[in-house]
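Below is one structure; the comments refer to it alone.
Coordinate-derived values only; no laboratory data. Computed from a predicted model, the values in this text were never measured in an experiment. Don't worry about glycine lacking a Cβ; one is built from the backbone with ideal geometry, like all the others, and counts go over all protein chains shown.
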Amino acid sequence: MKKAYLQISFSWLFAIIVGAFILFLAIYASTKMISNNKYQLDVETAKNIEVLLNPLETGYESATVTSMSLPRETRIYNKCENYTQFGSQTISVSQKSLNRWSETSDGSSISNKYIFSTNPVEGKKFYLFAKPFEFPFKTGDVIYLTSASDFYCFKDADEEIENEISRLKENNPGLNIGVFPNCSKESINVCFGTGSCEINVDYFDKEVRKNSKKMYFESDALMYAAIFSEVENYECQVQRLMQRTAQLAELYKEKENIISNQGCEKRLSSDLTNLISLTEKLDSSADLKGIWDLAENIQLKNERAQQCRLW
Amino acid sequence: MKKAQLKIQQMAFMLIAVTLFFALISVFVLGFRLSGAKGSANLLAEEGAMMLATKIANSPEFSCGKSFGNQVDCVDADKVMALKKDISKYSDFWDVSSIEIRTIYPEGDEICTSENYPNCNRILIGEQEIAGTYVPNFVSLCRKESIEDQPYNKCELALIMVAYESK
């Protein structure tokens with residue numbers, strides 16, 4: 001009986017092996033290129049967010065809002081560190097494509113902004129809302145980053161806060177913050193006082209309770225910050241704000257030295273030294289209360305200085 | 001050389017040529033894309049610097065606040081001189097290579113130091129002179145002066161220039 005052989009010449013075999021190798025290389029290179037493109041897009045998006053934040057920095061306006069729409073479902077990661085002189089925060093992005101989240105991009109590190117948010121914030125449309133933070137001088141603008149898919153419903157809020165929200169909504173009707181009863185069922189409820197809500201604000205004791213954790217605040221800017229961010233992010237950003245406050249207090253001390261040659265009295269030097277030492281020692285937001293009293297006292301003295309005001 | 005051997009050799013050369021062709025195309029495409037990425041990085045840096053020049057006058061380290069009345073785009077020269085002393089702490093803070101504030105009138109080229117201030121025209125933040133690509137913005141530059149020990153506010157028109165590094 002004759003045996004059947006598959007007759008393939010050496011040239012065919014060689015062509016198939018090398019051809020397969022070339023095809024493999026081509027497919028590998030194109031997948032690598034596609035993933036690099038996605039990564040580049042994520043990095044660009046993160047950088048664009050940083051650029052978009054610039055006009056939000058207010059002069060002396062009370063609050064400003066802007067929105068940001070992205071072409072795809074996006075997760076924005078907000079990482080904060082406070083080990084360096086002013087600390088920094090890193091914004092990185094991951095976008096959904098073909099039902100899969102891309103690898104999180106290399107972050108864009110920023111030292112001069114304070115963004116409060118959950119980690120990550122997810123959605124296609126985001127709202128950025130900023131308020132100046134004064135302690136007692138303006139330290140910076142705090143920026144709140146929220147997803148349009150999360151609607152915050154404020155219940156029993158102070159009249160001033162309700163008015164502020166109404167003012168913001170006049171210019172941005174789609175803004176994801178509302179005042180009860182103009183809220184949907186799916187809203188995240190923010191109760192001022194007692195009540196069974198996701199977030200509770202005790203305006204008298206200056207504390208916000210969220211996920212059974214407490215955050216302390218002084219000034220409305222930090223109250224909103226505690227409402228819209230996670231505890232870890234909040235505590236880290238408060239530390240960064242205090243680091244900048246200490247540095248600015250140093251500047252004002254030096255400015256007081258300079259203008260003392262122009263007939264201005266040195267009234268705030270020792271208080272500013274105390275402020276520097278207290279802000280540098282701040283461990284958590286619970287320590288804010290003690291510093292706030294001193295800050296208010298400094299502000300009063302500065303206002304009395306009239307022609308020689310430092311800020 | 002046998003005919004079959006010749007064919008194998010022919011095929012091998014052909015395959016090497018095809019591989020080289022694709023490799024060359026990949027190199028061109030990659031180079032083009034990388035130059036695009038570099039361009040967009042520069043564009044983003046430029047956009048950032050443009051925004052920065054307009055907002056820097058209102059940043060707490062530069063702005064007048066309410067110490068010279070309610071002025072916008074007002075830079076506090078006394079505070080900037082204080083900042084100049086402490087600038088090492090701010091090395092990476094604004095992500096720009098240098099900042100210069102120059103009075104437009106009175107015109108002059110004298111760089112401000114703690115010795116000659118306020119009789120000078122240019123405040124350099126950092127040691128280097130402004131170089132590279134920069135974005136200017138007009139501001140009022142205010143400081144405290146006095147007549148017979150009575151302080152008063154003095155404001156002059158100035159140009160703030162923020163330079164950023166092209167990558």
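For a straight C-alpha distance cut-off of 18 angstrom, the lysines reachable from B:K154 (same-chain residues fewer than eight places away being disregarded) are A:K255, B:K66, B:K79, B:K144.
When each of the peptides B:88-101, A:136-149 is scored by how many other beta carbons lie within 10 Å of its residues on average, the order from highest to lowest is A:136-149, B:88-101.
Within straight-line reach of B:K55, meaning a Cα separation under 15 Å, sit the following aspartates and glutamates at least 8 residues removed in sequence or on another chain: A:E50, A:E57, A:E61, A:D141, B:E46, B:E47, B:D73, B:D76, B:D95, B:E100. Using the membrane-span-like helix rule (whole DSSP H runs, Cα extent along the own axis of at least 27 Å, mean Kyte-Doolittle hydropathy at least -0.5), which helices of chain A qualify? Helices passing the filter in chain A: A:10-53. For the peptides A:259-266, A:20-27, A:109-116, the ranking by mean Cβ contacts within 10 Å, running from highest to lowest, is A:109-116, A:259-266, A:20-27. Measuring r between the beta carbons of B:T19 and B:D95 and using R0 = 60 Å, the FRET efficiency lands at 0.85. Residue by residue along A:79-91, Cβ atoms of other protein chains within 10 Å of the local Cβ number 1 on average. Each of A:G19, A:N48, A:S30 was scored by the projection of its Cα onto the charge dipole of the range A:7-164, and the greatest displacement toward the positive side belongs to A:G19; charges sit on the C-beta of Lys, Arg, Asp and Glu. With both bridge residues required to lie in chain A, what share of the DSSP beta bridges run antiparallel, to the nearest 5%? Within chain A, antiparallel bridges account for around 75 percent of the total. Please work out the Cα center distance from the range A:208-243 to the range A:148-166, rounded to the nearest Å. Their Cα centres are 17 Å away from one another. The fewest-to-most ranking of A:W311, A:W12 by surrounding Cβ atoms within 10 Å reads A:W12, A:W311.
Relative to the Cα centre, the charge distribution of chain A, modelled as +1 at Lys and Arg Cβ and -1 at Asp and Glu Cβ, gives a dipole magnitude of about 1700 debye.
For A:K185, give me every one of the aspartates and glutamates with a C-alpha distance below 18 angstrom, ignoring sequence neighbours fewer than eight places off in its own chain. Candidates past the 8-residue exclusion: A:D150, A:D156, A:E198. Put simply, when B:147-156, A:122-131 are sorted by average Cβ atoms within 10 angstrom per residue, most first, you get A:122-131, B:147-156. Shielding value for B:53-59 is 4, the average number of Cβ atoms from other chains within 10 Å of each residue's Cβ. Taken residue by residue and averaged, Cβ atoms of other chains lying within 10 Å of the Cβ of A:246-253 number 4. With both labels modelled 7 Å from their Cα along Cα-to-Cβ, the A:S109 to B:L6 distance reads 6.6 nm. Shown in residue order for the range B:150-161 are the 3J(HN,Hα) couplings computed by the Karplus curve 6.51 cos²θ - 1.76 cosθ + 1.60 at θ = phi - 60°: 9, x, 9, 8, 10, 10, 10, 7, 9, 10, 9, 10 Hz (x for Gly and Pro). For the range A:19-165, the number of Lys pairs separated by eight or more positions or lying on different chains, with C-alpha atoms closer than 15 Å, is 9.
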